[in-house]
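To start, the structure under review is shown below, and the notes come after it.
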Amino acid sequence: MPAVLVNCHAKINLGLLIGPRLPDGYHELRTIFQTIGLHDELRIEAVGRAAAPSVEMVCDIPELATADNLAARAARMVLDELKARRSVRLTLKKVIPAGGGLGGGSSDAAAVLRSLPALLGKRLHLGRLMELGAQLGADVPFFLIGGRAFGLGRGDEVYPLPEPPAATVLLAHPGIHISSADAYRRLDKARDTAPVPAATLTTDSLGPMISYCCGGKSGRGVDRLRNDFEPVIFSAYPELARLQRVLTRAGASPALLSGSGSAMFGLFDSGRAARVAASEIRRRWPQWRVWLTRTVSRRRRAASISRT
């Protein structure tokens, strides 16, 4: 049976600006996506021909082995798009924590969209894959590109950026699950009751992010990058604000919440400084999960698919 093994990389957000709620309930976003080394492992097998398309989902976390898993939905979408009467088995080894703002489910789905057509001897062009990915989730189109990219719209308009040399990433997850829907509800409630108008996506607010896009890790604006979810998430989970201070004192720049959380990250020029910071976090919060990893380029991400 033909099969491929894919490393499904996580992402962090190097800044996240959120505009006001729109009439359709969504929000305009501006963000810088960055692929990192932390990854799930997904084996995709074309089991054989069938009277009707079918997808079997296997996962080491039983509650994720369902037909509603984004990877399984992506597989059914590909089979329908290609009109392929095939049986497919997906075997997922989960590493990226759910509810951490790291895009694990979206990355798994994108891996299926990228890999399954070729496994079946077919081809879907990138534009169509981006359209299918956007139907699954706002982050999925980014994971079809990877590396470093600017995200607009709901985050599903993605533009690749120049990529600086790899940097060390310290990632910490407190074991808290924060759904994006809940984070947006908190943000909207806070803005609705604020004494001043909510922030808008003005040129002034975008300045630090644009400077960072142009200059990379050492670009102007790095110290002014922000995640608009932080005030409401830190209010609910003050230990995350304390973690941010630990990362900043240790030399991380930037040190931010990823997406809607609950994972926090810090980018370090010095691997030694990152290791010292990781030791301090493990000492203070021994129950948390801590990883030291690296940023991952588009080229390296594209090489993460292997035939088995």
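The values are calculated or read from the model by the stated rules, or taken from the named source; none is laboratory data. All values derive from a computational prediction rather than experimental measurement. Using ideal geometry, Cβ is built from the backbone for each residue, glycine included, and neighbour counts are taken over all protein chains shown.
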Filtered residues of region 1-44 (kept if surrounded by 22 or more Cβ atoms within 10 Å (Cβ to Cβ), of a type in the set (Ser, Thr, Tyr) and either in contact with a Ser or Thr (Cβ under 8 Å, 6 or more places away or on another chain) or more than 30 Å from Pro117 (Cα to Cα) (or both))
Thr35
Which one is surrounded by the most Cβ atoms within 10 Å (Cβ to Cβ) among residues in region 130-176 that are outside any strand (DSSP E or B) and among the β-branched types (Val, Ile, Thr)?
Val140
Could you check how many residues of region 114-129 are surrounded by fewer than 19 Cβ atoms within 10 Å (Cβ to Cβ), hydrophobic (A, V, I, L, M, F, W, C) and in contact with a Pro (Cβ under 8 Å, 6 or more places away or on another chain)?
1
Val95 - would you say it is at pLDDT 95 or above, part of a loop (DSSP other than H, G, I, E, B), over 22 Å from Leu16 (Cβ atoms) and hydrophobic (A, V, I, L, M, F, W, C)?
yes
I'm trying to understand the selection: among the residues of region 192-223, which are polar (S, T, N, Q) and either in a helix (DSSP H, G or I) or at pLDDT 90 or above (or both)?
Thr203, Ser205, Ser211, Ser218
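Would you confirm, using the coordinates I've provided, whether Ala111 is crowded, with 24+ Cβ neighbours inside 10 Å and either assigned to a helix (DSSP H, G or I) or not basic (Lys, Arg) (or both)?
Here the answer is yes, as Ala111 does meet what is asked.
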Please determine, by comparing only the residues of region 78-96 that are over 21 Å from the mean Cα position of the chain (by Cα) and surrounded by fewer than 20 Cβ atoms within 10 Å (Cβ to Cβ), which one is nearest to Glu131 (Cα to Cα).
Glu81
Do we have Ile12 as at pLDDT below 95, under 12 Å from the mean Cα position of the chain (by Cα) and not in a loop (DSSP other than H, G, I, E, B) here?
no
Taking the stated definitions as given, is Phe150 within 20 Å of Glu28 (Cβ to Cβ) and under 11 Å from the mean Cα position of the chain (by Cα)?
no
